[in-house]
């Protein structure tokens, strides 16, 4: 079961029309683009989807739409996290999981639970979920790091906690988890620019933002790295490296939406409190896009 989440998962943006309603037509085009380009799976309702700015009805409509359009061609992961454990488990229990292959559950944010609280929170999530759970550790957004010790304890205690999306940026923590994880537990990079180092350290892939715009190139880099073809993978890594930095320079998903509009994939529309990237970053993204279009990795 875990094998289906090795490789590249795309952290889908939520396209909006000019005045802020969800643009399902552009979303359908993105889904078809990603599947055609060969990504391994799709992820919705994560950070890049602007999840906090979506209503509950919009979240349900998004998942239903994506399930129908994907039609089991690739696995689908849905983000389900929060800082109110009981409310989260109630949501999980009320969810129709037909077409959803796993959930991605972020560490509780704002209330900053200690390790014991994190463990007990995810115990409840694991017990409530009828599908596999991928932990999501992103301390830059939640305010609290989930330690390697806590992640490994959860990995060993609950069979349906199958992996972690690690976005701490701490390669020491990544390697500690890889070194002591139980068989089959997935180490998934949550940082596009660190994906190649994570895989060469023993990781299993990425849930990626840049793959919204370059699904073919980025997923090929990941596949080559997983096959141990590091030098070949490096060519793709460095081809996209400048862009992976540029799209995060003034916030995510502002950067990736600016790039997607340049590529004609969807409007550069965000919901407050998010705003478009500043002019300097926008120019850098355009410069990097022009460079990428002119580059081809050496055969």
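Residues of segment 55-81 that are assigned to a loop (DSSP other than H, G, I, E, B) and either on the phi < 0 side of the Ramachandran plot or buried (at least 18 other Cβ atoms within 10 Å of the Cβ) (or both): 55, 73, 74, 75, 80, 81.
Check 85, 91, 14 and return the single one that is touching a helix residue (DSSP H, G or I) at 6+ places or on another chain (Cβ under 9 Å) and without any contact (Cβ under 8 Å) to a residue 24 or more places away in the chain.
Only one candidate passes the filter, namely 91.
Residues that are under 27 Å from residue 35 (Cβ atoms), in contact with a strand residue (DSSP E or B) (Cβ under 6 Å, 6 or more places away or on another chain), surrounded by 17 or more Cβ atoms within 10 Å (Cβ to Cβ) and in contact (Cβ under 8 Å) with a residue 60 or more places away in the chain: does segment 239-254 have at least one? Within segment 239-254, not a single residue is under 27 Å from residue 35 (Cβ atoms), in contact with a strand residue (DSSP E or B) (Cβ under 6 Å, 6 or more places away or on another chain), surrounded by 17 or more Cβ atoms within 10 Å (Cβ to Cβ) and in contact (Cβ under 8 Å) with a residue 60 or more places away in the chain.
Of the residues making up segment 171-184, those that are in contact (Cβ under 8 Å) with a residue 24 or more places away in the chain and surrounded by fewer than 21 Cβ atoms within 10 Å (Cβ to Cβ) number 9.
In segment 33-53, the residues that are surrounded by fewer than 17 Cβ atoms within 10 Å (Cβ to Cβ) form Cβ pairs under 6 Å with partners that are at pLDDT 95 or above and assigned to a helix (DSSP H, G or I), at six or more places apart or across chains, as follows: 38/219. Just a yes or no: is a residue in segment 232-245 at pLDDT 95 or above, under 15 Å from the mean Cα position of the chain (by Cα) and over 30 Å from residue 24 (Cβ atoms)? The answer is no, given that none of the residues of segment 232-245 is at pLDDT 95 or above, under 15 Å from the mean Cα position of the chain (by Cα) and over 30 Å from residue 24 (Cβ atoms). The numbered conditions (1) without any contact (Cβ under 8 Å) to a residue 60 or more places away in the chain; (2) touching a helix residue (DSSP H, G or I) at 6+ places or on another chain (Cβ under 6 Å); (3) within 16 Å of residue 166 (Cα to Cα) are all true for residue 203 except (2).
Scanning segment 1-45 for residues that are under 20 Å from residue 73 (Cβ atoms), at pLDDT below 95 and not in a helix (DSSP H, G or I) yields one hit, 1. The set of residues in segment 96-112 that are surrounded by 15 or more Cβ atoms within 10 Å (Cβ to Cβ) and modelled with pLDDT under 95 contains only 109.
Among the residues of segment 140-154, those that are within 15 Å of residue 105 (Cβ to Cβ) and without any contact (Cβ under 8 Å) to a residue 40 or more places away in the chain comprise 142, 144, 146, 150, 151, 154. Does residue 73 satisfy the condition of being in contact (Cβ under 8 Å) with a residue 40 or more places away in the chain and either farther than 24 Å from residue 167 by Cβ or over 20 Å from the mean Cα position of the chain (by Cα) (or both)? Here the answer is no, as residue 73 does not meet what is asked.
The values are calculated or read from the model by the stated rules, or taken from the named source; none is laboratory data. For clarity, every value in this text was computed on a predicted model and none was experimentally measured. A quick note on method: Cβ atoms are made from the backbone with ideal geometry, for glycine too, and the neighbour counts reach across all protein chains shown.
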